[in-house]
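The values are calculated or read from the model by the stated rules, or taken from the named source; none is laboratory data. All values derive from a computational prediction rather than experimental measurement.
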Amino acid sequence: MINPTDQSCIEFAEAMAKELLEHGATEAAIVIRNEPEGRVVTNYLNTNFESRCVLIGYLLKDMFLGNIAEHATEIKKILEENEQ
């Protein structure tokens, strides 16, 4: 059960609802994990194998870019060392 006072859950739900209300969705996928309960649940809207692969591709892109941003200082240092 979602804690109604959990700010991160509130922000996530609001962002998802806003996107759906303003733009709708022709396809959608969501993965929810509750580690303490050992639960992972997936739900899909109008998807097949190919469209799920496209959605996974966007998720991977976000993950890679987020990881690069998180480690930008280290990456910059490595690049500068390799230029010398």
Original post:
Can you find a residue in segment 2-10 that is charged (D, E, K, R) and at pLDDT 90 or above?
Top reply: no
Original post:
Taking the stated definitions as given, is Ile68 assigned to a helix (DSSP H, G or I), over 26 Å from Ser8 (Cα atoms), more than 12 Å from the chain's Cα centre (by Cα) and not assigned by TED's automatic domain parsing to the domain that holds Ser8?
Top reply: no
**OP:** Would you check which residues across segment 3-33 are in a loop (DSSP other than H, G, I, E, B) and not small (Gly, Ala, Ser) and list them?
**Re:** Asn3, Pro4, Thr5, Asp6, Thr26, Glu27
**OP:** Filter segment 35-65 for residues that are under 17 Å from Ala25 (Cα atoms), within 15 Å of the chain's Cα centre (by Cα) and in a strand (DSSP E or B) and give the result.
**Re:** Thr42, Asn43, Tyr44
